[in-house]
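Novice: Next up is a structure, given as structure tokens.
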Amino acid sequence: MALIETQNINKIYSLGDVEVNALKNVSLSIEKGEFIAIMGPSGSGKSTFMNVLGCLDKPTSGIYLLEGIDVARMNRDELAAIRNKKLGFVFQGFNLLSRTSAMENVELPMLYDGLPAGERKEKVMAALAVVGLAGREDHHPNQLSGGQQQRVAIARALVNNAPIILADEPTGNLDTKTSIEIMELFVRLNGESHITIILVTHEKDIAEFSRRRIFFRDGVVVSDELSGKT
Amino acid sequence: MINIPATIRISLRALRVNKMRSALTMLGIIIGVSAVITMLAVGTGARQRIGEQMASIGSNLLMVLPGSTTSGGVRMGAGTQPTLSTGDAEAIQKECLSVMYVAPVLSGVAQVIYGNQNWSTGITGTTTNMLQVRDWPLSAGRPFTDEEMRSASKVCLLGQTVVDNLFGGINPIGQIIRIKNVPFTVVGVLDAKGQDPGGHDQDDTVYVPVTTAQKKLFGTAFPGMVRIIMVKAKSADDLASAEKEITELLRQRHHIGQKQDDDFTVRNLTQMMQAAEQSTKVMTLLLGAIASVSLLVGGIGIMNIMLVSVTERTREIGIRMAIGAKTWDIRLQFIVEALTLSMIGGVVGIIIGISSSEVVSMLFGWPTVISPVSIFLSFGFSGFVGIFFGFYPAYKASLLDPIEALRYE
């Protein structure tokens, strides 16, 4: 059974009288442990697809099976629970809570999951250690560099042991050197912990880190290729 | 399932992050709650003082004043013409069934001398009944005897203030004092009573038999003239009938024709006091109501800040939703934030309210009473305000679309 399977997903936005068909019959299958880059020009539907995969948006039609469960018809709160347990998000703008320590930022998903305090602290420390930020748990985002902030965000995505990390242009706000470091972290997480990583990017050299590249254009998957790299 | 302790922790964290804004939001509630407490304290204090004063002048009292209220179309003040006599007082005592005690009063101001001390005070010529009428016990000595009343003996009872001013530490019983140079033997001392509703010191007085006052101290326009007749009705329910009986009796005794106006006035003191008490009650309610408006405004302030806060924190809400916050997680967060603000504001407001009522009673000498009810009421109300005005912003926040919220700059 595939980790993620989409069948004929359509997403139609109504902007006044005009209907925009952002996704047209997208059918994809993603296995556990894959490292995928989703590429395409802006307006190609790649972000819409990420939002659907991330259970932040519902497809207008079609089936989305996550671990065999159809999540396309779930309500808001059920989707929130799925996001909490199955998905980790990494954003271009980091999206950390400002004026809140790294520790508290990473702790957040577990607060919504209702874990006891002792367990939360233990897991936060472990996650921060994995991303190489051990000892920085009391730093606030404005005391951290861009790369470090993104690492905190990755720790937050990891902390609930989600099998999937969705990264939307994770290196968009970072310089080349830091971008490579972040991408190497993703590669390591993918290799060591078998976390499925799906990232959206328009940079070819970032996409090089992945093993499978999916191109979108005008809401349609135009190519889906495995790279030679393993 | 919603995790309440976690939600509370999240809310408290959010409040801590915005200390200044949290403090300013609380200010509205603080002012509202302290205003409610202070106003109610002042109002309740005033009411309690009037109640005490009512008890101090005696209960179920009627006062008969001489003089016409209207005379040939010209309205005259009560007490302007001497028309009452000891005979009237005796007749009231004898004839009126609703009346318990009657005490005629002929009073004036005179200098009282003891040794080398002197004191100017009100001299009240009256009968022993006065003590019953005024519910006024003696702290020492004895009242006038019937024999002393009949023979216009030169005996007197002293109020506590007079005792303090003339005698210092000496026991006044049996001592001779001079009133208008007439020597009087002190036979008793009146218990201390304090101020009357008008703020006069009731203890600054000397009681002498009415007969003595008429014959030896104050001149009278006709024999047996008195200035006032104090009447104690049998009960509060008898006040109205006593008033009617007295009016009928005195009209008859004074030979007043059907179309003529009374040459006396009967005043219901107890009713006047009750009216005064009633008006303070209304005042208390009014003050409380005005103060509640400020509490309401404080609540609207909370809603205002919470709405601004929701807009300002749209992105934060988006992040929270993305990582798994459910509808009620978000709602509770904002409700708990509003509730915390209003409850802390309530507690601080109670403290400030209590201290400011202390300050009011110190500065203006007004008695203030802080009732536990007003504390519970304003605390409960501020909690209610927090939930009520926190709900709409919380509801608004929970309806945000996570994608839109995450994109919000």
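Novice: Has segment B:354-365 got at least one residue that is surrounded by 19 or more Cβ atoms within 10 Å (Cβ to Cβ) and more than 26 Å from the chain's Cα centre (by Cα)?
Specialist: no
Novice: Which condition breaks for A:VAL106 when tested against (1) part of a helix (DSSP H, G or I); (2) more than 9 Å from every other protein chain (Cβ to nearest Cβ); (3) surrounded by fewer than 23 Cβ atoms within 10 Å (Cβ to Cβ)?
Specialist: So the condition that A:VAL106 fails would be (3).
Novice: I'd like to verify a number: residues in segment B:307-357 that are of a type in the set (Gly, Ala, Ser), within 14 Å of chain A (Cβ to nearest Cβ) and either outside any loop (DSSP other than H, G, I, E, B) or more than 26 Å from A:VAL106 (Cβ to Cβ) (or both), how many?
Specialist: Start the filter on segment B:307-357 by keeping residues that are of a type in the set (Gly, Ala, Ser), which leaves B:309, B:318, B:322, B:324-325, B:338, B:342, B:345-346, B:349, B:353, B:355-357.
Then drop every residue that is not within 14 Å of chain A (Cβ to nearest Cβ), which leaves B:309, B:318, B:322, B:324-325.
Checking which are either outside any loop (DSSP other than H, G, I, E, B) or more than 26 Å from A:VAL106 (Cβ to Cβ) (or both) leaves us with B:309, B:318, B:322.
Selection size over segment B:307-357: 3.
Novice: Go through (1) in contact (Cβ under 8 Å) with a residue 60 or more places away in the chain; (2) surrounded by fewer than 19 Cβ atoms within 10 Å (Cβ to Cβ); (3) under 18 Å from A:THR196 (Cα atoms) and name the single condition A:ASN25 misses.
Specialist: In the conditions (1) in contact (Cβ under 8 Å) with a residue 60 or more places away in the chain; (2) surrounded by fewer than 19 Cβ atoms within 10 Å (Cβ to Cβ); (3) under 18 Å from A:THR196 (Cα atoms), A:ASN25 misses (3) alone.
Novice: Which pairs have Cβ atoms under 6 Å, sit 6 or more apart or on different chains, and link a residue in segment A:103-128 that is closer than 12 Å to B:ARG9 by Cβ to one that is surrounded by fewer than 20 Cβ atoms within 10 Å (Cβ to Cβ)?
Specialist: Listed pairs, sorted by first residue: A:GLY114/B:ASN3.
Novice: Could you look through segment B:2-43, keep only residues that are of a type in the set (Gly, Ala, Ser) and more than 21 Å from B:ILE319 (Cβ to Cβ), and pick out the one that is nearest to the other protein chains (Cβ to nearest Cβ)?
Specialist: In the first step, residues of segment B:2-43 are kept if they are of a type in the set (Gly, Ala, Ser); the result is B:6, B:11, B:14, B:22-23, B:28, B:32, B:34-35, B:41, B:43.
Of the ones still in play, those that are also more than 21 Å from B:ILE319 (Cβ to Cβ) are B:23, B:28, B:32, B:34-35, B:41, B:43.
Values: B:ALA23: 16, B:GLY28: 24, B:GLY32: 29, B:SER34: 31, B:ALA35: 33, B:ALA41: 40, B:GLY43: 45 Å.
Across segment B:2-43, the extreme among qualifying residues is B:ALA23.
Novice: OK, next. Go through the residues of segment A:141-155 one by one and say whether even a single one is free of Cβ contacts under 8 Å to residues at least 12 places away in the same chain, more than 14 Å from chain B (Cβ to nearest Cβ) and surrounded by fewer than 20 Cβ atoms within 10 Å (Cβ to Cβ). Step through it out loud before you land on a result.
Specialist: Our first condition is that a residue be free of Cβ contacts under 8 Å to residues at least 12 places away in the same chain; within segment A:141-155, this holds for A:143.
From the residues that got through so far, the ones that are more than 14 Å from chain B (Cβ to nearest Cβ) too are A:143.
Filter again for surrounded by fewer than 20 Cβ atoms within 10 Å (Cβ to Cβ), leaving A:143.
Yes: segment A:141-155 contains one or more residues that are free of Cβ contacts under 8 Å to residues at least 12 places away in the same chain, more than 14 Å from chain B (Cβ to nearest Cβ) and surrounded by fewer than 20 Cβ atoms within 10 Å (Cβ to Cβ).
Novice: Still on this structure: Does B:THR270 satisfy the condition of being in contact with an Asp or Glu (Cβ under 9 Å, 6 or more places away or on another chain) and either assigned by TED's automatic domain parsing to the domain that holds B:PRO367 or under 26 Å from B:ARG47 (Cα atoms) (or both)?
Specialist: For B:THR270, the condition - in contact with an Asp or Glu (Cβ under 9 Å, 6 or more places away or on another chain) and either assigned by TED's automatic domain parsing to the domain that holds B:PRO367 or under 26 Å from B:ARG47 (Cα atoms) (or both) - is not met.
Novice: So, one more: Filter segment A:79-103 for residues that are over 16 Å from A:LEU166 (Cα atoms) and more than 9 Å from chain B (Cβ to nearest Cβ); which is surrounded by the most Cβ atoms within 10 Å (Cβ to Cβ)?
Specialist: Filtering segment A:79-103 for residues that are over 16 Å from A:LEU166 (Cα atoms) and more than 9 Å from chain B (Cβ to nearest Cβ), the one surrounded by the most Cβ atoms within 10 Å (Cβ to Cβ) comes out as A:ALA102.
Novice: Let me ask something additional. Going by the conditions given, is B:VAL33 at pLDDT 85 or above, among the aliphatic types (A, V, I, L, M) and not assigned by TED's automatic domain parsing to the domain that holds B:SER342?
Specialist: Working: at pLDDT 85 or above: yes; among the aliphatic types (A, V, I, L, M): yes; not assigned by TED's automatic domain parsing to the domain that holds B:SER342: no.
For B:VAL33, the condition - at pLDDT 85 or above, among the aliphatic types (A, V, I, L, M) and not assigned by TED's automatic domain parsing to the domain that holds B:SER342 - is not met.
Novice: Let me ask another. Could you tell me whether A:ILE164 is in contact (Cβ under 8 Å) with a residue 40 or more places away in the chain, within 21 Å of A:GLU31 (Cβ to Cβ), more than 13 Å from chain B (Cβ to nearest Cβ) and out of contact with any Ser or Thr (no Cβ under 6 Å at 6 or more places or on another chain)? Full working, then the answer.
Specialist: Details: in contact (Cβ under 8 Å) with a residue 40 or more places away in the chain: yes; within 21 Å of A:GLU31 (Cβ to Cβ): yes; more than 13 Å from chain B (Cβ to nearest Cβ): yes; out of contact with any Ser or Thr (no Cβ under 6 Å at 6 or more places or on another chain): no.
Criteria not met by A:ILE164.
Novice: Of a type in the set (Gly, Ala, Ser) and free of Cβ contacts under 8 Å to residues at least 24 places away in the same chain: does that describe B:SER294?
Specialist: Working: of a type in the set (Gly, Ala, Ser): yes; free of Cβ contacts under 8 Å to residues at least 24 places away in the same chain: no.
No: the conditions fail for B:SER294.
The values are calculated or read from the model by the stated rules, or taken from the named source; none is laboratory data. Being a predicted model, the structure only gives us computed values, none of them experimental. Using ideal geometry, Cβ is built from the backbone for each residue, glycine included, and neighbour counts are taken over all protein chains shown.
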